[in-house]
Amino acid sequence: MISGRPEHRSQYSWAGCPLNEQLKGVGLLGQAMALLWLLSVFLLVPGTQGTEDGDMRLVNGASANEGRVEIFYRGRWGTVCDNLWNLLDAHVVCRALGYENATQALGRAAFGPGKGPIMLDEVECTGTESSLASCRSLGWMVSRCGHEKDAGVVCSNDTTGLHILDLSGELSDALGQIFDSQQGCDLFIQVTGQGYEDLSLCAHTLILRTNPEAQALWQVVGSSVIMRVDAECMPVVRDFLRYFYSRRIEVSMSSVKCLHKLASAYGATELQDYCGRLFATLLPQDPTFHTPLDLYAYARATGDSMLEDLCVQFLAWNFEPLTQSESWSAVPTTLIQALLPKSELAVSSELDLLKAVDQWSTETIASHEDIERLVEQVRFPMMLPQELFELQFNLSLYQDHQALFQRKTMQALEFHTVPVEVLAKYKGLNLTEDTYKPRLYTSSTWSSLVMASTWRAQRYEYNRYNQLYTYGYGSVARYNSYQSFQTPQHPSFLFKDKQISWSATYLPTMQSCWNYGFSCTSNELPVLGLTTSSYSNPTIGYENRVLILCGGYSVVDVTSFEGSKAPIPTALDTNSSKTPSLFPCASGAFSSFRVVIRPFYLTNSTDMV
């Protein structure tokens, strides 16, 4: 612990002795050399002349009276960790800088993270010290936190003499302990769940009345209330009631649905909204897909359309690993019907999608009509003629729906063998319809993986991916931040021999943009760049996409190329000017991206007649 401010000598010392003593007995030249050395030390440490250990300053504030707290020690400025940081500590800083007092003691890098060492941690001042160096702490440069917890202050010259001792941070735990004691209650709560042992708890009406979220409990007539909850939610009821006291609760992947359900039933709107936002965070954390499917069923049962759309979007972007999981056979028909029409359905190929539907149909109970509706949503023109021919031999669905398959196959063969101008003249087809356009095909035919991480991280992500899912995208050795690859010019078989070359690049810096010939601005970095060889077919356009991968295996967002560049969102919702990904990535950064090429006919064929 630091027990007092360091002693400052009025005389410079060299090797433990006063400088004037060391200069005795040396010649004039030696004295001159020593003085030149001392002068060079001062010149090499700009901005620290006259600065002493324990001096403080405010950095990065909007005005001079606020900012991140930095303290000087042994020739360097460093920050202070916000552990135990309070208004008493802030008063010491502000008064040392000439202000009357502090009005706010801020943490979590409120004025941005600093650089260099974290000088002090767990500072405990009485408020009368001349510097933080004189307060109790862990000691110089001993810290348990990072710069994301740098402390800050807001100072004031208010001379009213008002000083605030703020110990309200301890109130939450104290109120929670009152609930834990289960003593002195005047409200008795009987919690019942079908097939689960009843739970008897008690509460304090006076405390509940201070929380508007708890009004469904304290407004009851009499001294008892019965809570009826689903059996699966019984384990979280105690935490839910304790939240009304402490206004603090820990939410996990296993408890979020029940807490959301209880909050909805009892009018705890802030908790309800918080859990609703957490759903997006929790969906990517379950590679078994039990959580997304469970939340989808919950959204359907409660009529929560926003949660339902969120689940459908996540499962669409992660459709292929869903089909490879043990949960695939448990996917309800309504969800399959919501997924198959989507163009942003990430799957290796349309043939693999059809095979997945075939497998699903053999393991679940679905009506003949439901199966027909699902097969209608399959984009047969996106399968090659050989694949179409082999369907009759490879699918169990074929015999029971033979007429439908034959009709869809003929539609596809026309697309593959008849030039677009002829189709326009004699068939009047709208070739810009979704059925004639690709989805997010992740096979090597239509996509390439671009990495932003080191080789070791690439190998870890690749191995992690294949542990979770049985299919992969090839050898990790060929994945890097620059990829050259080829795709067909168009999905039609007419273009099978016409390849188009692409180059995809991860651009993290301005220098990398210049190196690869891109024009970038600093606020859009990092960004993905995509260039192509020239082609002259006026009937073909491209709606290319980037799949943003979290941990190398879970798609958490999809962005579009605008010209030659596609934005990369932030992994977490921060104060960055960039938009966060739809589903946050717990790792805090993205290191792999799948570039997907999506050709389509530009015009309605009726315009070509």
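General observations
- Condition check for L431 on (1) modelled with pLDDT under 75; (2) crowded, with 19+ Cβ neighbours inside 10 Å: one failure, at (1).
- Only listed residue being aliphatic (A, V, I, L, M) and under 18 Å from N65 (Cβ atoms), chosen from A90, A109: A90
- A search for C-beta distances below 8 Å between a residue of segment 560-589 that is acidic (D, E) and any residue that is at pLDDT 85 or above, counting only pairs 6+ apart in sequence or on different chains, returns D573/P580; D573/P584.
- Each residue in segment 184-200 was checked for being open to solvent by 10 Å² or more (accessible area, probe 1.4 Å), within 15 Å of S223 (Cβ to Cβ) and either part of a strand (DSSP E or B) or small (G, A, S) (or both), and 4 of them qualify.
- Any strands (runs of 3 or more DSSP E) falling wholly within segment 495-552 and containing at least 2 residues that are open to solvent by 40 Å² or more (accessible area, probe 1.4 Å) and touching a residue at least 24 places away in the same chain (Cβ under 8 Å): 527-532
- Applying the criterion of being buried (at least 17 other Cβ atoms within 10 Å of the Cβ) and of a type in the set (G, A, S) to the residues of segment 266-281, the residue that is farthest from C550 (Cα to Cα) is A268.
- Pick from segment 284-309, criterion of a type outside the set (D, E, K, R), open to solvent by 10 Å² or more (accessible area, probe 1.4 Å) and free of Cβ contacts under 8 Å to residues at least 40 places away in the same chain, ranking: nearest to F593 (Cα to Cα): T288
- Within segment 292-314, the residues that satisfy the criterion of being in a helix (DSSP H, G or I) and either more than 22 Å from L340 (Cβ to Cβ) or among the aromatic types (F, W, Y) (or both) are Y296, Y298, A301, T302, F314.
- Selection count where residues are within 15 Å of F314 (Cβ to Cβ) and either touching a Gly at 6+ places or on another chain (Cβ under 6 Å) or not hydrophobic (A, V, I, L, M, F, W, C) (or both), scope segment 258-291: 10
- In segment 232-251, the residue that is surrounded by the most Cβ atoms within 10 Å (Cβ to Cβ) out of those that are in contact (Cβ under 8 Å) with a residue 40 or more places away in the chain and in a helix (DSSP H, G or I) is F244.
- Any chance S181 is farther than 20 Å from A268 by Cβ and either open to solvent by 50 Å² or more (accessible area, probe 1.4 Å) or polar (S, T, N, Q) (or both): yes
The values are calculated or read from the model by the stated rules, or taken from the named source; none is laboratory data. All of these numbers come straight from a predicted model, not from anything done at the bench. Every residue, glycine as well, gets a Cβ built from its backbone with ideal geometry; the counts of neighbours run over all protein chains shown. Each accessible area value is taken on the protein alone, full model and side chains, heavy atoms only, with ligands, DNA and RNA left out. Shrake-Rupley method; radii C 1.70, N 1.55, O 1.52, S 1.80 Å.
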